[in-house]
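First up is the structure itself, then whatever we jot down about it.
The values are calculated or read from the model by the stated rules, or taken from the named source; none is laboratory data. Keep in mind it's a predicted model, so treat the numbers as computed, not measured. As a convention, Cβ positions derive from the backbone with ideal geometry for all residues, glycine included, and neighbour counts pool all protein chains shown.
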């Protein structure tokens, strides 16, 4: 997911091969495949089960173990990784752009407008968990910050991450001490431990009543997007994009550090991230998954731990790239990464066809363990699809569409270099 036209990506060249950094393609591939570990839960389970694995009661032991592993290794980790790469990709395009700063910004804003349209359509028609619309909005913010120093970017990123924690603490205080008991009970019955009527209505909306419930689904998706953006995504995604810009400048994302340095980052990231993720689970268990505390306070440890874990995964992948081993695996991951937008959207199309009413209608019929089998099948398909498409057709269909969308005319009075 990149923007602009680079020095090596002039009209008539293949953007899948020109001016690319192989390490970034591999990282994108890992991130795209990794986010499915969590997104599949949103597709296949009732919505409350994403945040509360005990929303419908005590899960079977195997499902609980699968959820626990996913929470520790994947929850927010691969999304953080992908968002870091988005920020890095933006800065890379800005650095390579031939032309003035004003022209680059006009092109970038137009690209972000189209990305927002893609995301909004994706959210309203297919899946309310879309991230593209939020990426577009956050992208319009970071474009103004690209000339800041690394220290300033890191300081702002830290401030934004801290703001999320404070916001969640205030939200938890409202739930615990301010919200009337009747309203609290209603929220719990809808969003945390749903009643049988709520579960039945959600199943109906996504399966048997797929066509007739379009309006309800679109309204639900719009509300979900606004809630996630205001309570989480705006702050986290902007911060992670800023971090990605810093990591590109320092050479961390391009394989410029020593193997020992990457190993140190990986060890420290795992040493911090794993205990923090487990701390959040321990806290929620200690409060009995009480909505007042688990919904927000219980997420704070993983909020910080996910960044450490994302950096650890990035370091481990870059060590693999530097080692030169497992060439076929690296080729497969690179192919997936080069079709990042196509594969992200395809995950939704495939998952919707499996779980929703216009397809197999398996929504709410599989547990966490069963969903992992679906993940493996989708991974196998996407790897094969990406390899074949890359070999014979080059850029992915959505990447081509995004590149061919109307762009502002080249300015004859360009400003300074972007």
Applying the selection to region 285-319, what residues are more than 23 Å from residue 240 (Cα to Cα) and either in a helix (DSSP H, G or I) or touching a residue at least 24 places away in the same chain (Cβ under 8 Å) (or both)?
285, 286, 289, 291, 292, 293, 294
Does residue 362 fit the bill of being surrounded by fewer than 16 Cβ atoms within 10 Å (Cβ to Cβ) and either at pLDDT 90 or above or closer than 19 Å to residue 81 by Cβ (or both)?
no
Scan region 146-162 for residues that are modelled with pLDDT of 95 or more, touching a helix residue (DSSP H, G or I) at 6+ places or on another chain (Cβ under 9 Å) and either surrounded by 15 or more Cβ atoms within 10 Å (Cβ to Cβ) or not in a helix (DSSP H, G or I) (or both) and jot them down.
148, 153, 154, 156, 157, 160, 161
Just the residues that are more than 24 Å from the chain's Cα centre (by Cα) and part of a helix (DSSP H, G or I), please, taken from region 165-183.
170, 172, 173, 174, 175, 176, 177, 178, 181, 182, 183
Tell me which residues, restricted to region 184-210, are farther than 24 Å from residue 59 by Cβ, part of a loop (DSSP other than H, G, I, E, B) and either without any contact (Cβ under 8 Å) to a residue 40 or more places away in the chain or within 28 Å of the chain's Cα centre (by Cα) (or both).
210
Looking at residue 286, is it surrounded by 22 or more Cβ atoms within 10 Å (Cβ to Cβ) and either modelled with pLDDT of 95 or more or within 22 Å of the chain's Cα centre (by Cα) (or both)?
no
What are the residue pairs meeting all of these: first residue in region 110-133, first residue over 24 Å from residue 205 (Cβ atoms), second residue not in a helix (DSSP H, G or I), Cβ atoms under 6 Å, and 6 or more apart or on different chains?
110/407; 110/408; 111/3; 114/405
For region 229-245, state whether one or more residues are within 21 Å of residue 72 (Cα to Cα) and surrounded by fewer than 23 Cβ atoms within 10 Å (Cβ to Cβ).
yes
Just one of the numbered conditions (1) part of a helix (DSSP H, G or I); (2) farther than 23 Å from residue 356 by Cα is not true of residue 133; which one?
(2)
Region 27-63, subset part of a helix (DSSP H, G or I) and free of Cβ contacts under 8 Å to residues at least 24 places away in the same chain, residue surrounded by the fewest Cβ atoms within 10 Å (Cβ to Cβ)
61
